[in-house]
Structure formats: C-alpha cells, structure tokens
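Structure record follows, encoded as structure tokens.
The values are calculated or read from the model by the stated rules, or taken from the named source; none is laboratory data. This is a predicted model, so every value here is computed, not measured. Quick reminder, even Gly has a Cβ in these numbers, built from the backbone with ideal geometry, and neighbours come from all protein chains shown.
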Amino acid sequence: MSTVSILRRLWRHRILVAVALVLAVLAGTAVVYQLPGFQSRKYDVGIVTAHILVDTPNSQIVQVSPRGTATLGEQTLLLASLMVDGTIKSAIAQKAGLLPSRLTGINAAVTEPGASGPAPIVPPSGRNANVITTQVMTDSAGNNLPIIALQAQAPTSAAAEKLANATLSALRDYLSSRAQAEQVSDTNRLQVGELGLNQATTQAMGPSNGLGVIVFLLVFLLGCGLIVGLPSLRRAWRAAGQREREAAEELRDEKAAAPASPAAPAAPAAPAAPAADAVSSRAGDATPNDTFFDFGVPFDELGVSEDATASSQRLQ
C-alpha cells in the first residue's frame, strides 16, 4: 500500500485518528505525571557514598604483614552482610531517627537467590525511601578487599548523610559489644574506620520526559496502524470465506454431474429340473414300441421296423 493510499484512508477515518491522538497524549502524560492531579513523577533524593575500612589493631596500612590480615577479606564480607539485616540494621535505624521497618538494607554481593543465601532485595522506589547498600570491593583478580562501599539514600542529602554516619556508628557499637561479651582484648579486635570523606549528592529519580514522548509516539502509531490495517484484514477475511464457499459449491456440482455406474447384467436363470412325478409318469406310460430304450425317441422316427423290434425283444 502506497503512502498516498495510507494518508487518504487516515483522512477518511479522521475521527478515529483524533481518538488515537487523544489516547496517545493521555498515555504519554500518565507516564510522566500522576493523573488527575498532574503531579510530576520525578523527584530528587539525597545520595551519600562512603568507604569503610576494616583494619587490624596494628594497621595494615602502615605495618608490613600484620597479624590477622589473611582473613580480613572474609570478615569484611561477613560484616557487609550483617550491616543490612538484624541487630546492626535496627541500631542504624534508631540512630538515624527511623523505624526499622522504614529502613531497607541491601547487600550488593547477593546477586541471585540460592539455597545457601538469602534472595536479593528489590530496592524500594519513591521519594520517601531510606536505603543503605553495602558492597565489598575487590581487586583486579577478584579477591575481596577489606573495604566496604556504603551508599545511603534518603529523601534529602542531609538525611542521607545522617544515615551514613549512623551506619558507621552502629557498626562500631556492634563490634565493641561483641568484643566485650566474648572478652576479646583490644589488641585482637577488628577496627573499622571511615576511609575518606562522605560524598553527598542530589540525584533525580523517576521517569524522564523523553520516556513520555516515546510512549506517546508508540501509542499513536499503533492506533494509526489499527485504523489502516483492520479494514484490509476484514476484507481479506471475507474474501477467504467467499473462496471457500465457492470451492465447496463447485465440489457439490461435480459430484451431482458425475454419471451413475451401470448395473451388472443379471445372470440367466437355470432351466428348472423336471418334476420327479412327471418323469415317473412318462416312464410308466411309455412302451417299447413308442420309445427307444430310455431316450424317449419313437421307433418310427429312427426308421426301425416292427420286426426288428420284435427280434430285439427276443434277444433280451
């Protein structure tokens, strides 16, 4: 179908095109704004990134091969998991002035569910979400480093910075309380500290205006395609049904016009055997003068004289 034919068909159905245009505008607007109040779905959140160093009592930064560095990678991975769940998470929420149920903790190391670990948590969306995310950093060979990358998200950058500080404070309090409960001396305790300064930023979240434009175009083009394609599909459907009916009628006509096959000729009836009574009566009435032996032929017809007949009777 040429472009001119498509445009002419759309013009003939311009009312339907107008309906498709209105629906496309509503769909694109609903993606970007909350209807009917037209409140923007875009919002800003505060993001703070920090790095927590898990160190030995004799700092591995300044001392060569201090005692305990061999297991720091595994201990760091364990701490990163404990920070987003259980006692440490509740302590972080309390220090940040939040309810524990309003704080979501995510360990980025958990990438897929399995029988040996928890399922990954989908981060909540919305302008009021409070989320902390932990991830253990690795080197180029994939070995765990004793550094925890922390990201705190809150409605504002100030609230996000407060949440990050609460996370570090709650982790220190947890390690101190466990060391005291298990009577671990200061020379054998893990040390945690902030590595560098916190970086607070404001990040825009939510759908962009470009996404609304894309949805508008897709809905409008889909509507125009249906306006152009449905009549053609309906005509093709009817034509196919008409062809099927014509083919069925031709088949019926051919069957009706075919000649009937000739019937097989009847076999001639066998002559009926003479009745036994009739045969016996004829045999009783017959005399030697009238028949030749038992063939029922008269002697006169065979040209035999009465003298020859008498001679034959004497021989018998």
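For I147, are the conditions met, namely being surrounded by 12 or more Cβ atoms within 10 Å (Cβ to Cβ) and at pLDDT below 85? Taking the combined requirement at face value, the residue does not satisfy it. All conditions but one from (1) part of a loop (DSSP other than H, G, I, E, B); (2) within 19 Å of A149 (Cα to Cα); (3) modelled with pLDDT of 85 or more; (4) of a type outside the set (F, W, Y) apply to L98; the one that does not is (2). Within segment 59-86, being out of contact with any Asp or Glu (no Cβ under 8 Å at 6 or more places or on another chain), loosely packed, with under 14 Cβ neighbours inside 10 Å and modelled with pLDDT under 75 holds for S59, V62, Q63, V64, S65, R67, A70, T71.
Inspection of segment 114-123 identifies at least one residue that is in the same structural domain as R189 (by TED's automatic domain parsing), modelled with pLDDT under 85, closer than 18 Å to L99 by Cα and part of a loop (DSSP other than H, G, I, E, B).
For segment 174-190, the set of residues classified as outside any loop (DSSP other than H, G, I, E, B) and either surrounded by 15 or more Cβ atoms within 10 Å (Cβ to Cβ) or touching a Lys or Arg at 6+ places or on another chain (Cβ under 6 Å) (or both) consists of Y174, L175, A179, listed by residue number. For Q153, the test of being in a strand (DSSP E or B) and crowded, with 20+ Cβ neighbours inside 10 Å is passed.
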